[in-house]
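Step one of this worksheet: look at the structure below.
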Amino acid sequence: MDEIRRQLLSGLVTLGAAGPAANILGALDNLRTFVDDRLGSSQLSEWEELAWEYALIVRERVDIVTDLSQDLLALQRLTLGAPAHEVRAWDAVNARMAMLLAFALGNVGNERESRQWWASARRAAARVDEPELLGAINAIEAVQALYEQRPLPLVSTRIDAALHAVQDRPCRAAASAYGARAHVLALLGDRAGAETALAQQARVFEQLPADVTQDRTSVYGWPVERMQHTRSLVYTLLGHQAAPAAQEEALAAYPGASGSAAHARQTAQIRLHQAITVIRRGAISDGIEQAQDVLTALPPGRTRYLRHLAGTVLDAVPAVERTRPPAMEYRAYLQLPPSERA
């Protein structure tokens with residue numbers, strides 16, 4: 001208590017002139033911990049709510065890693081001191097927060113750290129024996145790993161683990177896993193297999209509960225636009241004749257979401273699908289111009305998903321065209337060295 005008093009008095013000297021300094025913020029945090037310990041009541045419901053709140057905003061914000069990691073650190077003290085009847089619930093919160101941190105790190109391009117946190121999240125979910133949470137962790141990692149160009153056999157392992165965890169129950173994890181499988185098969189050129197996986201995803205979607213299909217904000221939701229987005233991507237990668245129609249259907253699934261930065265980035269991804277199709281049909285300059293216009297119109301904070309698709313646009317350009325001005329200018333716009341994606 002005396003140490004906290006000294007920290008507070010030291011910090012208050014500069015508080016009025018310069019705003020909250022690091023020492024006052026640290027002292028306030030120590031004071032809050034001291035007060036909470038003396039209160040002696042469980043904070044479980046508050047942390048369950050915090051994990052839910054992070055799930056709502058982790059796709060929206062690309063600057064959330066610091067806040068999320070600090071809260072995850074604070075959570076460890078509470079988890080270690082939890083009463084026996086609350087241990088499993090605290091461990092579930094821990095698993096969700098670890099998953100969200102893994103997702104956030106990957107979203108901003110910290111791939112090495114993200115991989116490590118995905119492993120921690122899987123172990124945490126296995127410990128609490130929540131099959132749908134374990135399935136979601138594996139499925140979401142599989143999707144993110146595809147955009148990070150991690151090895152396809154590893155991605156398939158995560159997909160299989162997700163489906164094994166949920167035992168074919170209709171849930172968000174199964175819908176996402178079948179979408180990831182369709183994506184993998186499209187990359188391998190297996191059109192029939194990719195279409196089968198899309199059909200399996202649609203079958204799961206039809207059985208999802210309303211609270212999942214109507215959740216357009218959190219990482220746990222699976223609204224119709226996510227299914228249409230997957231179809232747009234898979235048909236684009238396959239060069240499917242139905243790709244333009246799938247792209248338009250995916251864009252049409254997003255009305256009313258124009259105020260969301262996350263949805264703006266997602267619709268931008270679909271417009272990049274369109275640019276890839278335009279290029280593959282021979283209008284190379286038009287497709288490149290469309291892609292650059294899409295990226296330029298976005299607010300700051302490109303995610304790993306956008307950066308990957310922006311590069312995929314360049315991949316769609318025939319090799320003979322990549323040294324000509326439109327492709328070279330686009331490469332410079334992306335700030336890629338000539339040796340990459342050549």
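All of the numbers you see were taken from the coordinates with simple rules; none came from a lab. Just so it is clear, the structure is predicted and the values come from calculations on it, not from any experiment. Virtual Cβ from ideal backbone geometry, glycine too; neighbours counted across all protein chains shown.
Quick look at the numbers
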| item | result |
| --- | --- |
| In Å, descending, principal axis extents of the Cα set of the range 94-151 | 30, 17, 13 |
| Cα centre as origin, Lys/Arg/Asp/Glu Cβ charges: the range 59-162 dipole, Debye | 220 debye |
| Cβ charges +1 (Lys, Arg) and -1 (Asp, Glu), total dipole of the range 195-342, debye | 360 debye |
| Linear extension gain, residue 52 paired with residue 203, 0.36 nm per residue minus alpha-carbon span | 51.6 nm |
| For the range 70-190: span of alpha carbons on each principal axis (Å, largest first) | 52, 32, 17 |
| Mean-position separation - Cα centroids, the range 283-328 and the range 199-237, in angstrom | 26 Å |
| Gain on full stretching of the segment that runs from residue 315 to residue 329 - 0.36 nm per residue minus C-alpha separation | 3.6 nm |
| Ordering of 231-242, 284-295 by packing [mean C-beta count within 10 Å, highest first] | 231-242, 284-295 |
| Positive-pole candidate from 269, 292, 314, dipole of the range 261-342, charges at beta carbon | 269 |
| Volume of the Cα convex hull of the range 261-342, divided per residue and given in Å³ | 75 Å³ |
| All-pairs Cα distance distribution in the range 116-184, expressed in whole percent, bin size 5 Å | 3, 21, 32, 25, 14, 4, 0 |
